[in-house]
1. Tell me which residues come under 5 Å, amide H to amide H, from PHE299 once H is placed; ignore anything under 5 positions away on its chain.
2. Using the Karplus equation 6.51 cos²θ - 1.76 cosθ + 1.60 (θ = phi - 60°), what ³J(HN,Hα) coupling, rounded to whole Hz, does each residue of segment 45-55 give in order, writing x for Gly and Pro?
3. Between LEU310 and ASP220, what is the spin-label point distance in nm, taking each point 7 Å from the Cα along the Cα→C-beta axis?
4. Ordered by residue, what ³J(HN,Hα) values in Hz, to whole numbers, does segment 299-307 give under the Karplus form 6.51 cos²θ - 1.76 cosθ + 1.60, where θ = phi - 60° and Gly and Pro are x?
5. Run down the aspartates and glutamates and flag those whose C-alpha is under 14 Å from the C-alpha of LYS231, throwing out any fewer than 8 positions away in its chain.
6. Anything over 30 Å Cα to Cα? Flag those among LYS58/LYS321; LYS31/LYS156; LYS156/LYS437; LYS24/LYS156; LYS28/LYS314, in the order listed.
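Only the coordinates and a few stated rules stand behind these numbers; no lab work does. Note that the structure is predicted; figures quoted are calculated from it, not measured. When we count neighbours, we look across all protein chains shown, and the Cβ atoms used for this are built from the backbone with ideal geometry, even at glycine.
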Amino acid sequence: MKSSKSNLTQLAKNLRINQTDAEKLLWKHLKSKQLAHTKFRRQQQIGNYIVGFISLDKKLVIELDGSQHAEDKNRDQERDRWLISQGFKVLRFWNNDVLQNIEGVLVSIMEKISPSPSPSPQGRGEEKLSSSTLNGTSGPHNLKVTRERGNDKADKVRMIAWEVTRSCNLNCVHCRAAASCGPYAGELSTKKCFQLVDEIAALSSPVIILTGGEPLLRPDIFEIASYGTNKGLRMVMATNGTLVNPAVARKMIESGIKRVSISIDGKDAHSHDAFRQEKGAFDKAMAGIAALKDAGMEFQINTTITTANLNQIKDILELAKNIGAAAHHIFLLVPTGRGKELAGQAITAADYEETLMWFHQENLSCEIQLKATCAPHYFRIMHQNKNKGAEPKKKAGGHFHEFTRGCLGGISFCFISHVGQVQPCGYLELNCGNVKKKSFAAIWEKSEVFRNLRDLSKYGGKCGRCEFIKVCGGCRARAYEKTGDYLAEEPLCLYQPKTDC
C-alpha cells in the first residue's frame, strides 16, 4: 500500500514536469485565480487516481484528453464514475480545445464554478452517462460527465459589448453610435450598472467589453469594472486610447481589466487623424499604448476597414506587431449610425473576399492573434482551407479571440446600449428589450429576435441554403440595412452554395 502511494506520488511529479502545451496554457490561467478566485492544483492524487487539475473547494476535476484517449474510454469512464460517486464534477476537454479556444474553455469552467440558475439545453459537447450505460453496471447514481467543446453549449451568452456611455471626445467618420461629447440623457446610474452586472453574473460568465462612445469619460468606469471583476466576470475595455495615461493604466490594472483594445485606422498620423477627424489623435493613441505597455496591460489593435484605408491594412498589421500588440482585429464597415455617410467607402464583395483570404493566410504564420469581426465569411474561408495542410501558428498568451462561428449576434453575443436597450449587436439596432424594464435573463432567453436568430431554418436567401450557415451565418446587420429583413441573405458575399450549383 505504501509502495503504491509512493509510485503515484512519483508519477504525479513526472506528469507535472512533462506537461503538454495544452496543460501549460490551461495551468497558466488556472493558477492566476481569475476564475472567481478559485484555487486549483495540478496532477493531484485522489484515491487511486491522478487527476489533471482539481479544485477541492469547488469539488471540480478538469481533464485534458489527446487522441489516445479514444482508446482509453472505458478506463476514463470508470475513473469518472468513481470521482462523481465522491461528489466531484468532471469536465473533459480535448487538448486542441484548449490550444485553439482557451477563452471558451475558461467560460465553460466558470459555468461549473458558478452555474446558471437556468441552464441552457444540452449542447453537442455533453454526454450524459448513467450508471446503467457505464460498463453495463447498475447503481443509484445518475452520472453526468461533460466533454466541453469550447462554446458549443446552446444559447449561452459568451460576450457582451456594453456601451456604458455614448459620450466621446472624438467625432469619428465611421462611428456606429454617431457619438459626440454629450452628455446623453437616460444613461444607466452606477446602482443600475451594478444591478445589471448581478443579473448577467447570475445567468452566465461572459466576457464584458466596456465600450462607448469613450468609456473613460464615464466617472465611475473603474467602479463598474471592479464590480464585474469581483463577480468573476472577465472585464475588458474598448477605447480610442487618447485619454490613457500612466494613472489611467494603473486604474485599469487595479480594477481587474484584462485587456484593452485601441482603435488604429491608419498606418500613420496623417491617415488615422483624417479618419478620427482630430489632429493629434494618432500620437495620443500611441502615447496611451505606451502607458498600457509600461503598466503591463495586454492590448490589441482594432481597425475598421473602408476603401480609404484598405491599401494600408498590411502596414497597420505590421504596426500592431511592431508596437507589441497581443492581437489585431479587423472590422469590416457596417454602414449604420454615422457610418451611413461612408456607405460609398464600403469595400466591394470582391475586395471583402480577397481581404479575408489574405487575413487567413496571415493568420497561419502571424505571431499575434488575428480576428475578423463583422466578417462572418472569414469562418467559411477558414473551413474551406482547413484541409490544405497549413495550421495557424500558436499564439503567445492564449487564444482570447477565438470563437467557432462568424455572426454571434443574439446567439452567444449581444450589445447593451447606453440607455439599456439590448440588441443582437451594436450595428443591428433592433430593440430586444430594455434592462430598465426587464431582467437581462428574461430578455436573453425570451426575445423573439434572439429566438429567430438562433433558428437557422428561418434564414432566407442563399444564406438559408448555404452549407456553411452554421459556421458563418452572414452579417445580420448588413442584411437588415440592405433589405429591412435581418434574416435575409448577406449582401456582401460572393460565395454560391453548392445547392445552387
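1. Amide H to amide H, under 5 Å and 5 or more residues apart or across chains, PHE299 pairs with VAL260, ALA326.
2. The phi angles translate into 7, 10, x, 9, 10, 10, 9, x, 9, 8, 10 Hz.
3. Each label point lies 7 Å from its Cα, and together they span 4.5 nm.
4. 9, 10, 10, 10, 9, 8, 9, 9, 5
5. LYS231 reaches GLU111, ASP198, GLU199, GLU223.
6. LYS58/LYS321; LYS28/LYS314
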